[in-house]
1. Of the listed pairs B:42/B:442; B:232/B:442; B:212/B:442; B:232/B:304, which have alpha-carbon separations greater than 25 Å here?
2. Taking only DSSP H segments of four or more residues, each worth -39500 (n - 2.57), what value at 222 nm results for chain B once the sum is divided by all its residues, to the nearest 500 deg cm²/dmol?
3. Could you grab the Rg to Rh ratio for region B:128-279? Cα atoms only, Kirkwood for Rh.
4. Rounded to the nearest 0.05, what FRET efficiency do residue B:384 and residue B:120 have when you use their Cβ-Cβ distance and R0 = 35 Å?
5. As I understand it, the dipole of region B:634-697 uses +1 on the Cβ of Lys and Arg and -1 on the Cβ of Asp and Glu, about the Cα centre. Which of B:656, B:640, B:682 lies farthest toward its positive end?
6. Suppose R0 equals 41 Å; then what is the FRET efficiency for residue A:205 and residue A:18 from their Cβ-Cβ distance, rounded to the nearest 0.05?
7. For residue B:171 and residue B:670, compute 0.36 nm times the residue count separating them, minus their Cα-Cα distance, and round to one decimal in nm.
8. Quick one: pull the percent of accessible area on region B:634-697 belonging to carbon and sulfur, 1.4 Å probe, ligands and nucleic acids left out.
Amino acid sequence: MAVTFDDLLPAIVKAGDAGLSLAKIRTTFGGKAAAKKVTPELREKLATLAHEGAIWGPLKQGVAQLYFARGRGPSIETASRAIVTLVASSGVKLISKPGLGKKVTGMNKKFFPDGLKHAVSSQAIVELTCGSSKYYLHRDVAAEYFGFEPAEQGRIAPASGGRDVTAAASLTLDDVLPAYRRLKAEQGGFSAVKIYDLMKALNGSKEELHRLLIDETKAGRVTIHPTTTVDLPKEEMEAGIRLAGFPEPFVTVVVKNDP
Amino acid sequence: MTNSYAEMRVNPFEDAIVREPRDVTFSVNGLNDAPLDRVLAKFAALDGGELPRSSPVKADRAQLVVSPDRGYGKSHLLGRLFTALGRKATKVYLRPFQDPYKAWQSILLLTLQELDRPDDETAQAPSQLSSLAVGTLAHIVADFAQNGAPEIAAAVPALRRLASGTLPAAEMPGRRAWLGALFAGNGPINRLAGLLGSRHIDLHGREKAWLKVLVACAFDDADSERRRAALKWLRAEPLEQDEVEQLRLDQADNDGRGDVTPQEINALSFRRLQGLCQLASYYRPFVFCFDQTECYANDPMLIKALGNCIEQLYAELRNHLTVVTANQRNWVEDIKPHLEPAHRDRFSQEIALEGINKAGARELIEARLRHCEMAAGDVARFFADNWLEDLFSTLVELGVRALLMRAEDRFRALARPDAAPPPPQTLDDLFQVELNNIRAQKALQAYNQDCLMWFAKDVGQAMTGVKVGRTSGRRYFSFEWRWPDRSVYFAFEGGDHWRRWKAIADEAIAMATAQGDRRILAYVFRTPDLARVPRPSWAVAKATMDKASGHGFRIVELTADQVCELHAARELYSNALQGNIAFSGPAALAWLQARFAPFLADIAAAGLPIQVRSIDAGGPAAQQPKTTERTSAAADMLDAERLRVVLDLVREQRIVDISVVLARLGRTELRDPLLRSVEAHPNLKAHPGPKTIFLQWRITA
């Protein structure tokens, strides 16, 4: 069955973040003369779809010119996310601007300058200067080393950490153990308890629990474990501990040598 | 200065999944010693004192090894267990069964496939089944001699040593020949069978049959007709009349009937397994390891069948230890709630796996780098810039696979400092790795009805408008793809008895007749390692099969490549379910369904690009079985001259692409014999990758 212009938008939508190249569009929708040039009808259809906001492009990628559906393909936000991930995985090893630029590849590369500004302005990363060179550090890494709270989504962490020191001192492993043991018993004695369940049982602050668990992990009294499944419930993912250099949140905890 | 990291063709940290416990060759000092010791302590209760046992040992509860997350080394622990037990146990690695009504048949088949392998890969090593048979027969004769006249009793120590395999090599052939001659007639068997009772072994009136079958397993050549018949009897398959005569069995001993229900097949399979476990009193205990249990999670019937198996293993089978591995989340949330409360008690308390600490991480990384012959300076470079200290700055321990993934990144960065991070592996890449791995190991290519069932059930459900499910009231065609106007049925049969095949064909005819105008296709898949059917001597069965072929009955002869692809598909899906790869089970399944869509369509519509066997007389099916049945391992390998070429090339290059080796040999079709030779040679190792297989030279002690 012959393809029509009505199939063009679905095809671009289906191409997702990879986009659909003009050459491919031309050969599929451009009729017999497709191999040579873009027909006026096709050019008009593309312009109409772009005008309506259903698609955007073309984006030059090498020799290809790519079209994307609305909300798909590279953007300042996707470049920003890639940059934040790279800086986070670098941990306390500071990464320079040229170094970062080399690591942002593919279609995000075009949006690197704006993506970097976006990442800094959203306070996901901080820009440090040494002479004329610029380096970047992830806010969670800084939070971990300076002992203040990692910022909530969309909220800026207070410079002083903002943590209630009195409250911090109040939560200890002994406070957590009764709830841990009850949850462990409820699941038949299996030792890995969900941090989400523990948080609910304690009815306290997530940050406080995270701080305690990280401290106890460093001390070797507990172990924390990342998620096993890639489709974990959202609330369990959100209750998990995020550590620099580890893409998945740590969602369960085991108290060692607890009978 | 050369960068030795850049020169390495294989990233030594790429391989982060244990696919077969026997692949485990290295373990970090102290890592997971506690869980391993707990399992070994349970095994010690089976292993105490001299063989043979005065009576079979009652089983303990199934030992439940639980991982807090993926990649903490469940399968690796099984590998260590296998290594630690060595020749003290027959170790059976059980991938998930798929038919809840024939779970014991699946377990029995895997047990016998294991027993048919040698204990190690050294040339001329006897199969474990042969050793079990010799051990049993020699001990029984020793029991008899023990109470005889002094000159007869003098032979007892030598017989016991023959049974345990500790007789000096020079004496072995003579003693074996003497034992074989002793059992050549029925008289000694009739007398000696009664001695099984003295050790409280009850084989339900089949004691003589068991001894006759063991005689064939002990003394016949691997390819002999009689040994094949013995294996069929052990697999609970019915025997042809000539096979009954070869084994000198009574008619009543041929208890695997041709036309039976799945429940009867399952019950007989269980009795065979029960017999093998009792006879382990003379040889060594079994260790049954249920791995990949995540695969049961989406089917409550399979979970109930698993619980039932664990219950029966505990209550009715002797001389064995059962180990079950699971990821905690899957076990607690998906599997345990569906187990009968009584069955839950048949599992031990959790045996929790531990993560690797910093010292262990260093040891593991150094071992992998040194295995690739990295110089000390290059190894030190790996740990520069506090890489390891940074990794363990917050965590005291880490899942082993998480460590290996980070080490893989580190290795890549050292090899190509300026290169962008590679794109993540696609499902296609991961599938190719599994495919190359299956190709590299012949044992993984054997007939496996669970794999075929899984394919029909899980992959098959992708087709448009199809309703996939188990049939009810059918004896053989246990699975159905159903559309409003037609159905495709599947039977899974590994045997070659004419009566069974006639019954299968009869059922296909009955189904077609009952369906009226609805079209049906009825398939039975066969793999290259199985005997060919129909045999030339079949008359009645062949006539029925011819008639059935007019009603949509087809025997589908899968090629070796197709078998590898189906096994690789199942491994990929299993890896996704276990969290071993960065794709969910549904995502992996969707990809597989798209990948196999043409194959599914061919089956569904009988388009038949797959090679469907003609069952006409004189067709390829009618060839003499002797020439088409399993060939010896040696015939599957390279000849000495070609092997020498391979050894010289790999020794010189250290790591070399298999395509280069095949080019040197001059024939690409030598790939499978080459892989068989690599498998058997101590200095060669295959590294399956997404694009190719690399062959590595290994320095052995």
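The values are calculated or read from the model by the stated rules, or taken from the named source; none is laboratory data. None of these values were measured; they are calculated from a predicted model. Every residue, glycine as well, gets a Cβ built from its backbone with ideal geometry; the counts of neighbours run over all protein chains shown. Accessible surface areas use protein heavy atoms only, side chains included; no ligands, DNA or RNA. Shrake-Rupley method; radii C 1.70, N 1.55, O 1.52, S 1.80 Å.
1. From the list (B:42/B:442; B:232/B:442; B:212/B:442; B:232/B:304), the Cα-Cα distance tops 25 Å for B:42/B:442; B:212/B:442; B:232/B:304.
2. -14000 deg cm²/dmol, from helical runs alone.
3. 0.98
4. 0.30
5. B:656
6. Values: r = 42 Å, r/R0 = 1.03.
It comes out at approximately 0.45.
7. 175.7 nm
8. With neighbouring chains kept in place, the figure for region B:634-697 is 52 percent.
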